[in-house]
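Taken together, the values in this text are just the output of simple stated rules run on the coordinates, not laboratory data. On a predicted model such as this, the values are computed, not experimentally measured, just so you know. Ideal geometry is used to build each Cβ from the backbone, glycine not excepted, and the neighbour counts take in all protein chains shown.
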Amino acid sequence: MRQVPGPLPHGFHPRNDGQIGMVHSWDMSTGVDGPGTRFVLFVNGCPLRCLYCSNPDTWHMRDGRSTDVEEAMDKITACRDFLLASGGGVTVTGGEPLLQARFVEAVLTRCRELGLHTALDTSGYLGARAGDRLLSATDLVLLDIKSFDPDAYRRLTGRELAPTLVFARRLADLGIPVWLRFVLVPGLTEDAETIDELAAFAAGLGNVERVDVLPFHKLGAVKYDELGITFPLRDTPPPTAELVERVRAQFHAHGLRAH
């Protein structure tokens, strides 16, 4: 069950030494956020506004809860033996974790000291904020590439694609394993030529261990209703099984493991 840290103290401002972060919640998952069973730490704040985002409640740092590194590590340490036995570890996601890069670095470094596998789930847009020390404490990056077409990427996210591609190449140069994540949205990200270009790019990096083709869903629509904001893709259908298999086959054709 997802748990939420304690309330934000009145007048609180995050310290800039990385020891306090703005956290949304934590949860346990298996098979979707990295290998084995994962302790998943959700942080607040994201510079993207993806049309299909299922977590609009993580967009703003101000909506998070103050959590220092010691509190986070107490939760993680309590699960350590179970995580190790499952071949799992800790994944930091969001929101966008690299908006709070120093806090994430501190947590992942401590997790490494406990012998835990570490994963960073990011869009890569803020990859320049990931310092060498943060990446040296990262065993796996779950890299979300929304589209390989710059115009489509801008329409989907409100931001530019280029920083993500720069970050992807940097991870390849460092030899850090990547699981590529691609959300398949009918009418928006299904273009066969663009997917082939993305698959060719990923295959050329040499460090992409697998590709997760994630069918668009509307499970987060209720959060938009609760927040009183419009869900842009409310009328968009999920992809058919045939479309999902076509896209997976395109990645397979480039020698990539696609799920």
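Before moving on, here are some points about what is shown:
- If the condition is being touching a helix residue (DSSP H, G or I) at 6+ places or on another chain (Cβ under 7 Å), in contact (Cβ under 8 Å) with a residue 40 or more places away in the chain and either surrounded by 12 or more Cβ atoms within 10 Å (Cβ to Cβ) or of a type in the set (Asp, Glu) (or both), then segment 221-248 contributes Lys223, Tyr224, Leu227, Val247.
- Subset of segment 35-74 (residues that are among the charged types (D, E, K, R), in contact (Cβ under 8 Å) with a residue 60 or more places away in the chain and not in a strand (DSSP E or B)): Arg49, Asp57, Glu71
- Residue in segment 119-176 that is farthest from the chain's Cα centre (by Cα), counting only those that are assigned to a helix (DSSP H, G or I) and of a type in the set (Ser, Thr, Tyr): Ser136
- Candidate set from segment 111-146 (those that are more than 20 Å from Ala85 (Cβ to Cβ) and of a type in the set (D, E, K, R)); member that is surrounded by the most Cβ atoms within 10 Å (Cβ to Cβ): Lys146
- The set of residues in segment 177-189 that are over 17 Å from Tyr125 (Cβ atoms) and either hydrophobic (A, V, I, L, M, F, W, C) or in contact with a Leu (Cβ under 9 Å, 6 or more places away or on another chain) (or both) comprises Pro177, Trp179, Leu184, Val185, Pro186, Leu188.
- Taken residue by residue, segment 202-213 has no member that is over 14 Å from Pro239 (Cβ atoms) and touching an Asp or Glu at 6+ places or on another chain (Cβ under 7 Å).
- Residues in segment 27-74 that are hydrophobic (A, V, I, L, M, F, W, C), touching a strand residue (DSSP E or B) at 6+ places or on another chain (Cβ under 6 Å) and buried (at least 22 other Cβ atoms within 10 Å of the Cβ): Phe39, Leu41, Phe42, Val43.
- Check on Thr157, surrounded by 13 or more Cβ atoms within 10 Å (Cβ to Cβ), hydroxyl-bearing (Ser, Thr, Tyr) and in contact with an Asp or Glu (Cβ under 9 Å, 6 or more places away or on another chain): no
- Every residue from segment 188-201 that is of a type in the set (Asp, Glu) and either more than 17 Å from Pro238 (Cα to Cα) or in a helix (DSSP H, G or I) (or both): Glu193, Asp196, Glu197
- Scan of segment 116-174 for residues that are among the small types (Gly, Ala, Ser) and over 22 Å from Arg210 (Cβ atoms), ordered by number: Ala128, Gly131, Ser136, Ala152, Gly158, Ala162
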